[in-house]
2 protein chains.
Amino acid sequence: MHIKTYMQELGIAARQSSRVLARAASAVKNNALLAIAAQLNDSRHKLLAANALDMENGRTNGLDAALLDRLELNDERIDGMIEGLKQVAALQDPVGEITDLGFRPSGIQLGKMRVPLGVIGIIYESRPNVTIDAASLCLKSGNATILRGGSEAILSNQAIAACIALGLTDAGLPETAVQVVNTTDRDAVGELITMANHVDIIVPRGGKSLIERISADARVPVIKHLDGNCHVYIDDHADLQKAVTIADNAKTHRYGVCNAMESLLIAESVAQRILPQLAEIYTQKNVELRGCQKSREIIDSIIEATEQDWGEEYLAPILSIKIVSGIDEAIAHITQYSSKHTESIVTEDFDRGRRFIAEVDSSSVMINASTRFADGFEYGLGAEIGISTDKIHARGPVGLEGLTSQKWIVFGDGQIRE
Amino acid sequence: MHIKTYMQELGIAARQSSRVLARAASAVKNNALLAIAAQLNDSRHKLLAANALDMENGRTNGLDAALLDRLELNDERIDGMIEGLKQVAALQDPVGEITDLGFRPSGIQLGKMRVPLGVIGIIYESRPNVTIDAASLCLKSGNATILRGGSEAILSNQAIAACIALGLTDAGLPETAVQVVNTTDRDAVGELITMANHVDIIVPRGGKSLIERISADARVPVIKHLDGNCHVYIDDHADLQKAVTIADNAKTHRYGVCNAMESLLIAESVAQRILPQLAEIYTQKNVELRGCQKSREIIDSIIEATEQDWGEEYLAPILSIKIVSGIDEAIAHITQYSSKHTESIVTEDFDRGRRFIAEVDSSSVMINASTRFADGFEYGLGAEIGISTDKIHARGPVGLEGLTSQKWIVFGDGQIRE
């Protein structure tokens, strides 16, 4: 198979299907989602058999336990995919929404209409459930999709792709509306991210190194999700009870997630009162503390933080702690080290809250709430394709709306420019 | 001068100033705009002297008359720049606008706040007035700017830059909020469009070849304005009087603009009635007509159109004409040949209007209005930095809002994730 030719063919077919999808009624798209769910349910044996082969190959090739776990399909995970499809079918269709429709002095009536982006390329690791997850969001938002999953999951993804194709056909949509790249050749990725004629946007899902590699080589715009080095700043004017609850929750609710707090900043004037209480909670939960000199003068079990710690996304029970003189130093520290994902201030002071919200340049900025809320479900997007750390196009949790664009529409009754 | 080091220094200074600008009050930004206007007014002699040297060099280097015309400054053009600054000062500041603020089931209050993008790089040809035009929009939207104008205008741009620096200082803003690249070395452009750490977005202003070249090499997102091959489709159900007026205005109101009609599609059933009338108007105005076989059977003075004509942006008194069987063929033709800038249908039929609006994938889609309305001023944006033919981020006329992003904001009173 000549990879470039093959990928170009996928691209051309995707572009054609995208035109059909762009004008497909919500009911048709929902029917397709539910038909795919039914196909998955009917094909459990095939899916599990294909996945068993992937798992066997994975073991032979020495995949570690964590990767094998993510690769594995079982009945519960198939149920999860089916449930996901039903949830996306239940979401409101963003396509066709018209807003800001009003008259201009010339007499034209001007508004904006929400439309699909066109063709979306998704690149992800060996988690077969992402195939359904990504395909369903793209389909609902009226976009054609080209999916390139990790090579270890190729047989599982092909089995899932067969269900998707049948479901699309059932609903009267072209089966090329969702295409799974049918080769493990790495050149396919290189082609996918550079064929700007056929692909409108790339969404990589996976670790930071995957995303950096793709962004460096892409000629198509990329919705990037780099790291989440999130901060909580406890201000002089914090309610100390709220501060303890938030700093506990933001760190310890889940460790391996991008919206977990990785660095805690505490105003000097309240550090003596609050740090011992927090250190006790963290120590009980086996969170390793790495701090600045001043924090170590208060709690001697805190390990000395290095420069590297301030920029680190641990994704683990480790926390860096810095005592700062006040809000100015807190904002300066965040500006220097944050990955611009999510930051929260704990304060009862109106002015400081306003300043923090205005001056901290992150995709989510919070007052008196846990960073863990930065999430598509918590924000009411229904589902998310990722969390963007970009400023262009989509920022923060990206749901259906982030997979669309707006065009200008003009209604007239014969107006011309004078 | 080592270009890479020099550009990196500009970038670092721009990033620092961007933080000051991002939190600058509207009044301060407006004061700066008006102070720059005052400086321009006080520096007329210096501006004209610097420009005279550029013009002399331009003549020596054999610049053609059109380029010399665009390069020239005179009192009227300086008045135009001053007036532009005052108009931008009068526009509403988009920064800080909070929308969609509402409560989520968790009790957090979630909204979106409009914020500047950060640092904007503008690359343009030898038109000194663009220096003020671009700088003022970026400044008002709270962004730091690095401006790289055409080398023929370097002395004029330096003189304008001196006025900008004084105006910024007068208003208490850092003078590095707007920086003009002080070298004609082409490597400066290469550096500007690849230093993604320091620059958030690039806006090239100029011809298609400039924009294509920059887009191909950029590692920073680019707001692209490629060609405007705009279509008007006169439907079977058109009001013929509106059709004539719109097809006349869209072509002949101005020829050298991106929102002029370049291709006219006419439904077969009305072609006999409407084409002779239109051909007479166009012929009187010396518009050259190039058409399909069927159009030439109606009007024999129409020249035979080649395949290339359908994709061409003439920017001249030339029009391509195609007789189509109806709306399906019209949409198919537009899908194949349009540059996705602006298209208009003339019809009295509700369903066909709706279909055209939904199915034509262009940045502006119109019913019964001239394509000439696709313009930042007509759309009420107050001013525009360009018209984007991209789908990502900003689409169509780009005003202050297109130079901003939105971040999520969360207000709580101690909420944590359960």
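A short reminder: the numbers here are calculations on the coordinates, not readings from a lab. No experiment lies behind these values; they were computed from the predicted model shown. Heads up, the Cβs are rebuilt from the backbone with ideal geometry, glycines too, and the neighbour counts pull from every protein chain shown.
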Exercise for the section: Mind putting a number on the dipole of the stretch B:295-418 about its Cα centre? Charges go on the C-beta only, +1 for Lys and Arg and -1 for Asp and Glu, and I need it in Debye to the nearest 20. Expected result: 440 debye
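Would you calculate a helix-derived [θ] at 222 nm for chain B, using -39,500 (n - 2.57) for each DSSP H run of n ≥ 4 and dividing by the full residue count, to the nearest 500? Can you show the working numbers first?
Numbers: 15 runs with 184 residues, N = 418.
Result for chain B, helices only: -13500 deg cm²/dmol.
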Exercise for the section: May I ask for the angle, rounded to the nearest 10°, between helix B:208-217 and the longest principal axis of chain B, with both axes built from Cα atoms and the value confined to 0 to 90°? Expected result: 50 degrees
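What is the magnitude of the charge dipole of the stretch B:230-373 about its Cα centre, with +1 placed on the Cβ of each Lys and Arg, -1 on the Cβ of each Asp and Glu, and no other charges, expressed in debye to the nearest 20? Let's see the in-between values first.
On the way: 14 positive and 23 negative charges, 86 e Å.
Dipole magnitude for the stretch B:230-373 comes out near 420 debye.
Pop the C-beta distance of A:Gln92 and B:Glu288 into the FRET formula with R0 = 51 Å and round what comes out to the nearest 0.05. Intermediate values should be presented prior to the final figure.
Details: r = 50 Å, r/R0 = 0.97.
For A:Gln92 and B:Glu288, the calculated efficiency is 0.55.
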Problem - Within a Gaussian network of chain A (alpha carbon springs, distance under 10 Å), most fluctuating of A:Phe103, A:Phe373, A:Phe356 - result: A:Phe103
Exercise for the section: Mind listing the label-point distances from B:Asp100 to the same position on all other copies, shortest first, one decimal in nm, points 7 Å along Cα→Cβ? Expected result: 1.3
Practice task
Work out from phi, with θ = phi - 60° and the Karplus expression 6.51 cos²θ - 1.76 cosθ + 1.60, the ³J(HN,Hα) of each residue of the stretch A:190-207, listed in order in whole Hz, and give x for Gly and Pro.
Solution key: x, 6, 4, 8, 10, 8, 5, 5, 10, 10, 8, 7, 10, 10, x, 10, x, x
Handout entry: Magnitude of the charge dipole, chain A, Cβ model with Lys/Arg +1 and Asp/Glu -1, debye to 20
Key = 1280 debye
Practice task
Report, as an integer, the average count of C-beta atoms from other chains found within 10 Å of each Cβ along A:400-409.
Solution key: 5
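Can you give me the relative contact order of chain B as a percent, contacts being Cα pairs under 8 Å and 6 or more apart?
On the way: 869 pairs, mean separation 74.3, N = 418.
RCO, chain B: 18 percent.
Using the per-residue mean of other Cβ atoms lying within 10 Å as a proxy for protection, in what order, highest first, do the peptides B:343-350, B:52-59, B:18-25 fall?
Details: B:343-350: 23.2, B:52-59: 16.2, B:18-25: 19.9.
Answer by packing, highest mean first, reads B:343-350, B:18-25, B:52-59.
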Practice task
Would you work out which of B:Ala89, A:Gln8, A:Met55 lies farthest towards the positive end of the dipole of the protein assembly as shown, given +1 charges on the beta-carbon of Lys and Arg and -1 on that of Asp and Glu, about the Cα centre?
Solution key: B:Ala89
Practice task
Please arrange A:Met261, A:Met1 by counting, for each residue, the other beta carbons lying within 10 Å of its beta carbon, fewest first.
Solution key: A:Met1, A:Met261
Exercise for the section: Taking the Cα atoms of the protein assembly as shown, report the difference between the largest and smallest coordinate on each principal axis, in whole Å and largest first. Expected result: 91, 75, 46
Handout entry: Charge dipole (the stretch B:378-418, unit charges on Cβ, about Cα centre) - positive-most of B:Gly399, B:Gly412, B:Ala383
Key = B:Gly412
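By the gyration tensor of its Cα atoms, with a ≥ b ≥ c the square roots of the eigenvalues, what is the shape of the stretch B:1-55: rounded for a/c under 1.5, prolate for a/b over b/c, or oblate? Could the numbers behind the result be given before it?
Values: a/c = 5.14, a/b = 1.12, b/c = 4.60.
Oblate is the answer for the stretch B:1-55, as a/c is 1.5 or above yet b/c matches or exceeds a/b.
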Completion exercise
Each residue of A:356-366 has, on average, a number of other protein chain C-beta atoms within 10 Å of its C-beta equal to 5
Exercise for the section: Please say if chain A is rounded, prolate or oblate, where rounded means a/c under 1.5 for a ≥ b ≥ c the square roots of the C-alpha gyration tensor eigenvalues, and otherwise the choice is prolate for a/b larger than b/c and oblate otherwise? Expected result: oblate
Fill in the blank from the handout: The Kirkwood hydrodynamic radius of the stretch A:230-373, taken as the inverse of the mean 1/r over all distinct Cα pairs, in Å, comes to 14.5 Å
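Kirkwood Rh over Cα pairs of the stretch B:48-144 into Stokes-Einstein at 37 °C, 0.692 mPa s: D in µm²/s? Write out the running numbers ahead of the final one.
Numbers: Rh = 16.6 Å.
The Stokes-Einstein estimate is 198 µm²/s.
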Exercise for the section: Take peptides A:140-147, B:80-87, A:227-234 and line them up by average Cβ neighbours within 10 Å, highest first, as a rough protection proxy. Expected result: A:140-147, A:227-234, B:80-87
Completion exercise
One decimal, nm, nearest first: from B:Glu307 to the same residue in each other copy, label points 7 Å out along Cα→Cβ, the values are 6.0
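Grab the beta carbon distance between A:Thr169 and B:Gln272, set R0 = 41 Å, and tell me the FRET efficiency rounded to 0.05. Mind dumping the intermediate values first?
Working: r = 44 Å, r/R0 = 1.07.
With a Förster radius of 41 Å, E is 0.40.
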Exercise for the section: Over the whole of B:241-251, what's the average partner chain Cβ count within 10 Å per residue? Rounded to a whole number, please. Expected result: 2
Completion exercise
Chain A to chain B by rotation: the residue of A with the beta carbon nearest the axis and the rounded distance in Å are A:His393, 2
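Could you work out how much longer the chain between A:Asp413 and A:Arg23 gets when fully extended? Use 0.36 nm per residue separation minus the Cα distance between them, nm to one decimal.
137.9 nm
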Practice task
Any chance you could check the Cα centroid distance between the stretch B:211-260 and the stretch A:224-277 for me, in angstrom?
Solution key: 53 Å
Handout entry: Label point 7 Å beyond Cα along the C-beta direction, distances from B:Glu175 to other copies (nm, shortest first)
Key = 6.9
Handout entry: Kirkwood hydrodynamic radius of the stretch A:372-418, from inverse mean 1/r over distinct Cα pairs, in Å
Key = 13.0 Å
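Applying 1/(1 + (r/R0)^6) with R0 = 25 Å to the Cβ-Cβ distance of A:Leu53 and A:Asp79, what FRET efficiency is obtained, to the nearest 0.05? Don't skip to the answer; put the middle values down first.
Working: r = 21 Å, r/R0 = 0.86.
Computed FRET efficiency for A:Leu53 and A:Asp79 comes out at 0.70.
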